[in-house]
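The values are calculated or read from the model by the stated rules, or taken from the named source; none is laboratory data. A quick note: this is a predicted structure, and the numbers were derived from the prediction, not measured. All Cβ positions, even for glycine, are placed from backbone atoms using ideal geometry, and neighbour counts span all protein chains on display. Note: areas computed on protein heavy atoms with side chains; ligands, DNA, RNA excluded. Shrake-Rupley method; radii C 1.70, N 1.55, O 1.52, S 1.80 Å.
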Amino acid sequence: MSKDHSDHLFVLIKSLTKSEKRYFKLKNSQNQDDPKYLKLFDEMSQSEVFDEKRLIKNNPWIKPAQFSNLKAHLYQKLLQSLKEYSTSTNDDIAVREQIDHIQLLYDRSLYHQSMQLVQKLKRSIKKGDNLELQLEVLKWEKNLLPYSMGKHSLNRLRQIIEETNKVNEQISRVNLLMNISVELNTIYLKHGSVRSKEDYDEITGIFDQRLPKWSESSLSFKEKLLWYEIHQGYYSFIQDFDPMYDYAKKWVDLFESIPNSSYYFEMYIRGLNQLLNAQARLLKYDEFSTTHRLLRSLASHRMIKMNENLQIRLFKYNYAHQFNEYFLTGDFAKGVALFRRISHQMDQYISLLDVHSQLIMFYKIACLFFGNGDYSDALVWLNRIINYEDQDIREDIHSFTRILNLITHYELGNRDVIEYYLRSTYRFLHKKEDMHEFQYHILDFIKNLNRDITEIELIHRFKKLRDNLVPLTISQFEKRAFIYFDIIAWPESKIHKKTMEEIIKERVQELAQV
């Protein structure tokens with residue numbers, strides 16, 4: 001089920017847990033005046049896919065002219081129900097509800113009751129870290145101060161002003177860091193890792209000129225999280241993996257124990273994800289396995305309510321790194337066997353991922369099949385990327401996909417379509433300004449193959465391809481091509497007449513003996 005083509009109401013209903021659906025039904029079942037939205041809820045809950053025409057046809061009580069309003073009404077009812085359901089488990093929602101109560105009391109001129117609620121809320125809210133809500137409560141305290149004047153009112157006002165200024169300063173610092181983090185991430189989502197000196201200068205310019213010269217020791221916990229996230233992201237961007245690893249580790253080490261708030265739990269698992277990425281890049285096999293076990297264990301963490309966002313993140317990170325582990329160790333057969341066991345569940349979760357995460361997952365699955373020699377299956381997942389409507393997200397993944405697509409067609413013996421895909425790939429790479437040495441060597445290799453080539457000449461050409469690719473693994477702007485998949489193992493397997501799995505496993509054993 002693609003979010004892009006499904007009705008928002010249907011997607012929302014399908015995201016509900018059984019208990020959330022039960023709560024909604026109980027809260028709204030007494031409404032006998034307007035039962036239609038409940039009937040629509042039942043119909044859409046039972047549907048596997050959203051088909052508006054069929055839904056209206058099979059339910060004569062739905063008037064087509066009123067269907068849009070009926071859906072909007074149900075959507076609002078569901079959001080209201082979710083808000084009420086989440087109040088007991090989400091601190092921020094509970095605080096916002098209390099702020100609404102302050103407003104209601106204030107509108108009735110019940111100033112003393114309003115102030116009592118403000119003071120109670122102020123004591124509890126400091127335990128959290130939502131600065132915007134703290135500022136909102138301070139605003140109400142200032143508004144209500146004239147209605148509770150006393151001999152200490154001036155001192156109270158000065159204290160409120162001091163607290164407000166302090167919170168405002170923290171908000172400014174956090175917003176500054178968040179702006180840098182979001183800007184770097186947005187550029188990354190478009191291009192991927194730096195491709196050229198121009199890319200490097202642009203990213204380094206943002207990092208050097210926009211990031212304040214603050215001392216780490218002066219930062220609050222939340223500021224440190226953002227500080228480490230920016231540094232880790234920057235070094236990942238420019239593919240400098242040692243400092244990337246250092247900052248990802250600092251990020252995770254900020255948490256002395258597993259956090260029990262949803263915000264910090266999300267930041268914690270994001271930190272683990274980046275640490276795993278760095279450990280994989282640096283071939284820290286033992287550390288990677290330990291961190292991955294920790295990440296997997298969080299799926300059964302009992303101290304935090306697992307909302308859909310957290311469940312999807314854990315799913316995405318767990319399986320992405322499970323596949324990474326197979327890439328590191330060469331266990332492609334084991335990876336394919338796992339994927340086939342969970343393919344139904346995998347397809348269901350992938351449909352809930354954002355576009356960027358979907359592309360990454362498609363590419364990893366395609367590489368898993370390719371590494372195992374299941375070229376037809378690899379082609380299925382490569383085509384899901386090639387046929388994606390939006391090709392401006394992760395242009396690097398789109399480029400590498402087209403290269404791997406050509407190689408896969410070569411392996412399948414589809415000589416009749418290779419020329420077409422060669423032209424198509426050249427056009428795409430020139431359009432995206434992504435024709436680099438890696439792409440050039442692969443395309444040149446495929447282009448110069450023909451049916452009459454001898455086996456000895458073919459092996460010679462594979463050796464030449466390998467020798468051309470190996471130096472690129474340490475090239476500043478070319479090594480990005482090898483981040484997700486060890487494509488050099490492919491010509492190696494042809495040269496030595498072995499599988500890619502055997503080549504990578506032998507390499508791992510050699511490294512273990514060093």
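What is the angle, in °, between the Cα long axis of helix 455-469 and the longest principal axis of the Cα atoms in the chain? Nearest 10 is fine, range 0 to 90.
With rounding to tens, the tilt is 40 degrees.
If you average the sequence gap of Cα pairs under 8 Å that are 6 or more apart and divide by the length of the chain, what percent do you get for the contact order? Walk me through the intermediate numbers first.
Details: 436 pairs, mean separation 55.1, N = 514.
Over the chain, the number comes to 11 percent.
Take Asn309 and Glu389, extend 7 Å from each Cα along the Cα→Cβ direction, and tell me the distance between the two endpoints in nm.
Taking the simple label geometry, Asn309 and Glu389 are separated by 2.5 nm.
Using R₀ = 51 Å, calculate the FRET efficiency as 1/(1 + (r/R₀)^6) where r is the Cβ-Cβ separation of Leu154 and Asn69; round to 0.05. Don't jump to the answer; show the numbers that get you there.
Details: r = 54 Å, r/R0 = 1.06.
Calculated value: 0.40.
Quick one: give the max-minus-min coordinate of the C-alpha atoms of segment 294-441 along each principal axis, largest first, in Å.
Here the Cα extents, ordered largest to smallest, are 56, 31, 26 Å.
Using only the Cα atoms of segment 155-231, what are the Rg and Dmax in Å?
So, for segment 155-231, Rg and Dmax equal 16.3, 59 Å respectively.
Whole-Hz ³J(HN,Hα) for each residue in segment 105-121, computed from phi via Karplus 6.51 cos²θ - 1.76 cosθ + 1.60 with θ = phi - 60°, x for glycine and proline: what do you get?
With the stated coefficients, segment 105-121 comes to 5, 4, 5, 9, 6, 8, 5, 5, 5, 4, 5, 4, 5, 4, 5, 5, 5 Hz.
Looking at (i) 22, 59, 19, 0; (ii) 18, 44, 30, 8, 1, 0; (iii) 18, 38, 24, 14, 6, 0, which value of P(r) over Cα pairs in 20 Å bins from 0, in percent comes from a calculation on the structure shown?
Given (i) 22, 59, 19, 0; (ii) 18, 44, 30, 8, 1, 0; (iii) 18, 38, 24, 14, 6, 0, the structure-derived one carries the label (ii).
Once you place label points 7 Å from the Cα toward the Cβ at Ser300 and Glu216, how far apart are they in nm?
3.5
I'd like to check one number: the per residue accessible area of the chain, probe 1.4 Å, reported in Å² as a whole number.
Roughly 52 Å² per residue, with all protein chains present.
Output the 0 to 90 degree angle, nearest 10, between the alpha-carbon long axis of helix 500-513 and the longest principal axis computed from the alpha carbons of the chain.
Helix 500-513 sits at roughly 80 degrees to that axis.
Quick one: if the Förster radius is 51 Å, what FRET efficiency do Leu135 and Gln30 give, using the C-beta to C-beta distance and rounding to 0.05?
Values: r = 39 Å, r/R0 = 0.76.
After rounding to 0.05, the efficiency reads 0.85.
Pop out the ³J(HN,Hα) list for segment 289-296 in order, Karplus 6.51 cos²θ - 1.76 cosθ + 1.60 with θ = phi - 60°, rounded to Hz; leave Gly and Pro as x.
4, 5, 5, 5, 4, 4, 4, 4
What order, most packed first, do the peptides 480-488, 458-466 have when packing is the mean number of other Cβ atoms within 10 Å of each residue? Before the final figure, lay out each step's value.
Working: 480-488: 20.4, 458-466: 15.9.
By packing density, highest mean first, the sequence is 480-488, 458-466.
Would you mind telling me the share, in percent, of accessible area of the chain contributed by carbon and sulfur at probe 1.4 angstrom? Before the final figure, lay out each step's value.
Details: 13210 of 26920 Å².
Heavy-atom surface of the chain belonging to carbon and sulfur, 1.4 Å probe: 49 percent.
Could you give each residue of segment 172-183 its phi-based ³J(HN,Hα) in whole Hz, using Karplus coefficients 6.51, -1.76, 1.60 with θ = phi - 60°, and x for Gly or Pro?
In residue order, the calculated couplings are 4, 5, 5, 5, 4, 5, 5, 4, 5, 4, 5, 5 Hz.
Pick out, from Gln348, Asn143, Asn175, the residue whose Cα sits farthest towards the positive end of the charge dipole of the chain, with +1 on the Cβ of Lys and Arg and -1 on the Cβ of Asp and Glu.
Value: Asn143.
State the Kirkwood hydrodynamic radius of segment 107-150 in Å, one decimal place, computed from all pairs of distinct Cα atoms. Could the numbers behind the result be given before it?
On the way: mean 1/r = 0.0921 Å⁻¹.
It is 10.9 Å.
Note the full-extension length gain between Arg54 and Val11 as 0.36 nm times their separation in residues minus their Cα-Cα distance, in nm to one decimal.
Result: 13.8 nm gained on full extension.
Seen from all sides and averaged, what is the projected area of the convex hull of the Cα atoms in segment 46-152, in nm²? Provide the component values of the computation, followed by the final result.
Values: hull surface 42.9 nm².
Dividing the Cα hull surface by four gives the mean projection, 10.7 nm².
Relative to the longest principal Cα axis of the chain, at what angle does helix 415-431 sit, 0 to 90 degrees, rounded to 10?
50
Which of Lys249/Lys284; Lys18/Lys305; Lys27/Lys57; Lys36/Lys83 have a Cα-Cα distance over 19 Å?
Working: Lys249/Lys284 13 Å; Lys18/Lys305 14 Å; Lys27/Lys57 29 Å; Lys36/Lys83 22 Å.
Lys27/Lys57; Lys36/Lys83, as the Cα separations exceed 19 Å there.
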